[in-house]
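Notes follow once the structure below has been shown.
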C-alpha cells in the first residue's frame, strides 16, 4: 500500500494504522478546531479534519519543496455528541467528572470525520457509532478520571481503557471509530485511491 502522511498525533490512530499495516509517517500542524454554526454534526467533524489535512498539505508544500508531492494525507477528528450537543475534551478534572456524569446511563454518538487529500482531489466521510454507558457511580467516575487523566479525549473517556471495559453497555457501529479512526473504511478508501 502507498505510504501516507498521518496528520495526527493521536497514539490510537497511529496504532490502528499499524494494525492495518498501512505505512505512514506523522506530520502535524496546529490548527483551529472551531467550525461554522449551523452545519451538521457529521460536517462538523469533517470540517475540522479537513483543516488539519490542509494545514499539513501547506506545510509540506512550503517546507519540503515538492518532496511530498503526490502523497496522500490522512486527517481525522472525533467528536462526542450527547442530546445533539457536541462534547469536547475536558478542560480540567472537574469538567471530566461532569462530562462522565452526563454520559452515565445514557446513549451518545461518537462521530469521526475523515479527510484523505490525494493528487486527484479529496475523499471525505464521517462514521457514527452509538455508545451506551451503564449507570456509573461517582466512585467509578472519580477513580477513572484520577487514574487515567482523560483530558486529551473527546467525551473524557477512551473506550479501550478501564471505563470502556466495565462501563459500556452496548455499541452499535464500528468499535475502532470510537477509538478515533474507522480504519476499515480508511483502508477501503486508500484502495480506491491506489487503484
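Going from the fewest other Cβ atoms within 10 Å to the most, the residues 116, 181 appear in the order 116, 181.
Sort 81, 187 so the one with the fewest other Cβ atoms within 10 Å of its own Cβ comes first. Each step should come with its number before you reach the end.
Values: 81 19, 187 16.
Least to most surrounded, the residues fall as 187, 81.
In the stretch 1-117, the DSSP beta bridges split such that about 70 percent are antiparallel, to the nearest 5.
When DSSP beta bridges are restricted to pairs lying wholly in the chain, around 85% turn out antiparallel.
Relative contact order, whole percent, for the chain stands at 23, derived from Cα pairs under 8 Å and 6 or more residues apart. Helix 183-194 and the longest principal axis of the Cα set of the chain meet at an angle near 10°. Helices in the chain, meaning DSSP H runs of at least 4 residues, each add -39500 (n - 2.57). Divided by all residues, the mean residue ellipticity at 222 nm is -12000 deg cm²/dmol. For 85, 13, 101, the sequence from fewest to most other C-beta atoms within 10 Å is 85, 101, 13. Along its principal axes, the stretch 4-194 has C-alpha extents of 54, 32, 29 angstrom, given from the largest down. Return one number: the angle in degrees, 0 to 90 and rounded to the nearest 10, between the long axis of the Cα atoms of helix 93-103 and the longest principal axis of the Cα atoms of the chain. So the helix axis and the longest Cα principal axis differ by about 80 degrees. On C-alpha positions alone, give me the angle between the axis of helix 41-64 and the longest principal axis of the chain, in degrees, nearest 10. Result, in degrees: 40.
Can you compute the FRET efficiency between residue 92 and residue 165 using 1/(1 + (r/R0)^6), with r the Cβ-Cβ distance and R0 = 22 Å? Round to the nearest 0.05.
That gives a FRET efficiency of 0.35.
Read the figures in this text as sums done on the coordinates, not as results from a lab. From a predicted model like this one, the values you see are computed outputs, not experimental measurements. Cβ coordinates were reconstructed from backbone atoms using ideal geometry, including for glycine residues, and neighbour counts include every protein chain displayed.
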